[in-house]
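The values are calculated or read from the model by the stated rules, or taken from the named source; none is laboratory data. Please read these numbers as outputs of a predicted model, since none were measured by experiment. Glycine also receives a Cβ, built like all others from the backbone with ideal geometry; neighbour counts cover every protein chain displayed. Note: areas computed on protein heavy atoms with side chains; ligands, DNA, RNA excluded. Shrake-Rupley method; radii C 1.70, N 1.55, O 1.52, S 1.80 Å.
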Amino acid sequence: MRILHTMLRVGDLQRSIDFYTRVLGMALLRTTDRPDQKYSLAFVGYASNPEQAEIELTYNYGVEKYELGSAYGHIALQVEDAAAACARIKAAGGTVTREAGPVKGGSTVIAFVQDPDGYKIELIQR
């Protein structure tokens with residue numbers, strides 16, 4: 001077994017595609033529109049399956065906002081330089097919610113950014 005994708009429900013599909021591609025540098029891998037079922041999908045990532053797992057962005061027609069709840073944590077992305085990644089993300093209009101620095105109690109450098117729907121994304125420097 002292996003992870004294929006993680007699905008996130010989004011309030012504006014194009015806004016989310018823009019964030020994940022323009023701000024985080026992912027590629028738009030494929031889209032599907034299902035008007036009879038009233039939803040659209042966009043798959044984004046740094047490579048397609050089977051090379052890497054993808055993120056499935058799901059837009060349900062007419063739903064502009066979701067309650068994220070207290071169970072969701074974050075998606076983690078490996079970056080070469082967390083501080084430089086934060087600078088690029090801010091320059092592209094993204095929101096950094098925790099600047100790059102060591103994780104509490106450790107030495108791994110991390111940062112957090114937030115997508116337009118409020119989902120947290122951890123950047124881990126490696």
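Points to keep in mind about this one:
- For segment 90-108, a residue qualifies if it is touching a residue at least 60 places away in the same chain (Cβ under 8 Å) and exposed (fewer than 13 other Cβ atoms within 10 Å of the Cβ), and exactly one does: Gly93.
- Pairs where the first residue, in segment 22-41, is under 15 Å from Ala53 (Cα atoms) and the second is at pLDDT below 95 and assigned to a loop (DSSP other than H, G, I, E, B), C-beta under 9 Å, 6+ apart: Ala27/Ser48; Leu29/Ser48; Leu29/Asn49; Arg30/Ser48
- You will find that of Tyr46, Tyr20, Tyr39, Tyr72, the residue that is out of contact with any Pro (no Cβ under 8 Å at 6 or more places or on another chain), modelled with pLDDT of 95 or more and closer than 15 Å to Tyr119 by Cβ is Tyr20 and no other.
- Residue satisfying condition, being more than 19 Å from Leu4 (Cα to Cα) and part of a loop (DSSP other than H, G, I, E, B), within set Gly101, Gly106: Gly106
- For the criterion of being farther than 15 Å from Gly25 by Cα and part of a strand (DSSP E or B), Val96 passes.
- Residues of segment 49-65 classified as modelled with pLDDT under 95 and touching a Leu at 6+ places or on another chain (Cβ under 9 Å), total: 2
- If you go through segment 58-69 and keep only what is open to solvent by 100 Å² or more (accessible area, probe 1.4 Å) and not basic (Lys, Arg), you end up with Glu64, Glu67.
- Of all residues in segment 78-85, at least one satisfies being assigned to a helix (DSSP H, G or I) and open to solvent by 20 Å² or more (accessible area, probe 1.4 Å).
- If you go through segment 34-57 and pick out every residue that is in a strand (DSSP E or B) and surrounded by 12 or more Cβ atoms within 10 Å (Cβ to Cβ), you end up with 11.
- Screening Tyr119, Tyr72 for residues that are of a type in the set (Phe, Trp, Tyr), open to solvent by 30 Å² or more (accessible area, probe 1.4 Å) and closer than 25 Å to Arg2 by Cα leaves exactly one candidate, Tyr72.
- Residue satisfying all of: in segment 1-33; within 14 Å of the chain's Cα centre (by Cα) and polar (S, T, N, Q); surrounded by the most Cβ atoms within 10 Å (Cβ to Cβ) among these: Ser16
- Hey, Ile121 assigned to a strand (DSSP E or B) and touching a residue at least 24 places away in the same chain (Cβ under 8 Å) or not: yes
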